[in-house]
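The values are calculated or read from the model by the stated rules, or taken from the named source; none is laboratory data. On a predicted model such as this, the values are computed, not experimentally measured, just so you know. Counting neighbours? That spans all protein chains shown, and the Cβs are built from the backbone with ideal geometry, glycine included. For the accessible areas, the whole protein counts, side chains as well, though only heavy atoms, and no ligand, DNA or RNA atoms are used. Shrake-Rupley method; radii C 1.70, N 1.55, O 1.52, S 1.80 Å.
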Amino acid sequence: MAINKHHTPMLDQLESGPWPSFISGIKRLRDEHPEERINKMTNDLLGQLEHSYETRKGYWKGGTVSVFQYGGGIIPRFSEVGHAFPESKEFHTLRVQPPAGNHYSTAMLRQMADSWEKYGSGLVTFHGQTGNIMFIGTDTAQTQHFFDEINDYGWDLGGAGPCVRTAMSCVGAARCEMSCTNEQKAHRLLVNNFTDDVHRPALPYKFKFKVSGCGNDCQNAVERADFAVIGTWRDDMNVNQDEFKAYVGRKGRQHVIDNIITRCPTNALSLNDDDSLEVNNKDCVRCMHCLNVVPKALHPGDDRGVTILIGGKRTLKIGDLMGTVVVPFKKLDTEEDWEEIVELAEEIIDFWAENALEHERCGEMIERIGLVNFLEGVGVEVDPNMVNNPRESSYIRMDDWDEEAVKWFDRQAEAS
C-alpha cells in the first residue's frame, strides 16, 4: 500500500554531502521495509523533523514510561504535533546495556533487530554517548513487550535518570596488545554489583563507570566517568631494541626524532648513536604515544594493574572536569583485589549520595567540599600522586605536612 510521503526539501539537503546521512537510513525504512506500520511511522517522523527545521523548534516532550519493576531505562518522547503526524506521536527510546567490550555475534545482532522491527521503528544506534544500544521509536503499549522478549534471551535495560548509568569497557585483552588488566571482568563486576542502582533511580544525579585497559583510554574514562579504571604498569617499559633499530633503519633518524623522541611530554626518551632507544622510566607518564607508533618494539611493562580516577564529567554546574587520581596503582591479581575495587565504588557512591546536592555530579561535589574531605569520607589515605598541579604561590600552609609525609613513607615501606 502506497503512503502519502511528506515533502522534506530541507532534510533532503542533509543527503547531499560526502558523508553517510541518517536521513537516508530513515528513508530506506520508509520506502523499502516490508511492514506498513514501520513505513508510516518513519514517514511521520521525517514529516515532524522537517517541520522542526522549518520552525526551528523542537516538538518532543517528556513524560513517564517504564516497564514493570524498573524505574529507568526508557526515554519517553511524546509529540506536541501528534495531530499532524499521528503515526509517530509516541516515539520512546529504550536503552539496552551492551556486552562488556562490545563483543557481539551476528546472531545476537539479528535477533535484537528482529525483535525491534516487531515492536518498534527499526531505528537503532550503536551506541549512545553513555554506551547503551539505543532502540529509537516505539509507543507506550509496545515497550513492555519488547523488553520482555529481549530480556528472555539475556538483555537488560540500561540506566536513565539519577542512577548508576550503563558502564563501558574497551575491547581489551581480547584484541588489544596494550591491555594491562582484565577490562571485561572489571566491567561486569561493577555493573552486576550496582544493578539495583541502575534500574531504580535514587541518587543525586548520574554516576558512570568506564574501564580502559591502558593510557590510550579508548573509552574516554578520564574525561567522562565518575569512576574511571585505567590499566597501567609500574615497572620499566618493555623495549625490543632490535625492532626499534629496524624501525629507525626504515624511517630514518630524523623521522624518529621528530615523531617519537621530541613528542614525549616529559622528555623521557633518547635516541642513542647506535639507533637504540633509551627510556627514563621514572619520567614516563604512560601517555602511550611511543608505544602506539612502534608497537612491535615497545610494550607495557610486566608489573601491571590499574589506576582509579574519580570525578570526570562534561560541563554542567561547572566546566569540564578530568578525573582525580584516588588510587595511583592497584594490582588486580586475586579475588580479594577485585572485591576491594567494588568496595571502594560502594564507599564512594554512598558518600556521594549522602553529601551531594541535587543534580550534582561526584566531581562537582569534590570541587565543592575539597579533595581532603572526600578522601577522609571514603577512607582513602592521601597520596602525592593525587596532586593535580603544584601550587604556583610560594605562600602556602604546611600544616601537618611532616606527619602526612611520614605516613606516606611508612605506607611505601610496608607495600615494598
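Output the helices (runs of 4 or more DSSP H) that fall wholly within the stretch 299-416 and possess 2 or more residues being assigned by the TED database to the domain that holds I230 and charged (D, E, K, R), or say none.
Details: elements: 335-355, 362-369, 371-378, 401-415.
It comes to 335-355, 362-369.
For the stretch 131-156, how many residues are closer than 26 Å to K210 by Cβ, open to solvent by 40 Å² or more (accessible area, probe 1.4 Å) and of a type in the set (A, V, I, L, M)?
Total satisfying the criteria: 1.
If you check every pair at least six apart or on different chains, which have Cβ atoms under 8 Å apart with a residue in the stretch 42-64 that is free of Cβ contacts under 8 Å to residues at least 24 places away in the same chain first and a residue that is part of a helix (DSSP H, G or I) second?
Going by the 8 Å Cβ cut-off, the qualifying pairs are G58/S52; Y59/Q48; Y59/H51; Y59/S52.
Being open to solvent by less than 10 Å² (accessible area, probe 1.4 Å), in a loop (DSSP other than H, G, I, E, B) and either of a type in the set (D, E, K, R) or on the phi < 0 side of the Ramachandran plot (or both) is true for just one of P34, P98. Which residue is that? Walk me through how you get there before you give the answer.
Details: P34 fails: open to solvent by less than 10 Å² (accessible area, probe 1.4 Å).
When all the criteria are applied, what remains is P98.
Check off (1) under 26 Å from E177 (Cα atoms); (2) basic (K, R); (3) crowded, with 19+ Cβ neighbours inside 10 Å for K313 and give me the number that stays unchecked.
Answer for K313: the failing condition is (1).
Within the stretch 105-116, is there a residue that is within 22 Å of P201 (Cα to Cα) and either in contact with a helix residue (DSSP H, G or I) (Cβ under 7 Å, 6 or more places away or on another chain) or open to solvent by less than 40 Å² (accessible area, probe 1.4 Å) (or both)?
Pass one, the stretch 105-116, residues within 22 Å of P201 (Cα to Cα): none.
The answer is no, given that none of the residues of the stretch 105-116 is within 22 Å of P201 (Cα to Cα) and either in contact with a helix residue (DSSP H, G or I) (Cβ under 7 Å, 6 or more places away or on another chain) or open to solvent by less than 40 Å² (accessible area, probe 1.4 Å) (or both).
Give the stretch 61-83 a look and list any residue that's surrounded by fewer than 14 Cβ atoms within 10 Å (Cβ to Cβ) and either part of a loop (DSSP other than H, G, I, E, B) or hydrophobic (A, V, I, L, M, F, W, C) (or both), or say none. It would help to see each step written out before you state the result.
Looking only at the stretch 61-83, we keep the residues that are surrounded by fewer than 14 Cβ atoms within 10 Å (Cβ to Cβ), and these are 61-64, 68-69, 80, 83.
Within the stretch 61-83, G62, G63, T64, F68, Q69, E80, H83 meet the criteria.
The rows are residues; the columns are (1) in contact with a Ser or Thr (Cβ under 9 Å, 6 or more places away or on another chain); (2) open to solvent by 30 Å² or more (accessible area, probe 1.4 Å); (3) hydrophobic (A, V, I, L, M, F, W, C).
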residue: A297; (1), (2), (3): no, no, yes
residue: D320; (1), (2), (3): no, yes, no
residue: V325; (1), (2), (3): yes, yes, yes
residue: E347; (1), (2), (3): no, yes, no
residue: E367; (1), (2), (3): no, yes, no
residue: V387; (1), (2), (3): no, yes, yes
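Within the stretch 162-175, is there a residue that is among the aliphatic types (A, V, I, L, M), in contact (Cβ under 8 Å) with a residue 40 or more places away in the chain and touching a His at 6+ places or on another chain (Cβ under 6 Å)?
Here is the first cut: in the stretch 162-175, the residues among the aliphatic types (A, V, I, L, M) are 164, 167-168, 171, 173-174.
With in contact (Cβ under 8 Å) with a residue 40 or more places away in the chain added as a condition, the list becomes 164, 167-168, 171, 173-174.
The next check asks that each one be touching a His at 6+ places or on another chain (Cβ under 6 Å); those that pass are 167.
Yes, the conditions are met somewhere in the stretch 162-175.
Only one of I3, I23 is in a loop (DSSP other than H, G, I, E, B) and either more than 34 Å from the chain's Cα centre (by Cα) or surrounded by 11 or more Cβ atoms within 10 Å (Cβ to Cβ) (or both); which?
Details: I23 fails: in a loop (DSSP other than H, G, I, E, B).
Going through I3, I23 in turn, just one is in a loop (DSSP other than H, G, I, E, B) and either more than 34 Å from the chain's Cα centre (by Cα) or surrounded by 11 or more Cβ atoms within 10 Å (Cβ to Cβ) (or both): I3.
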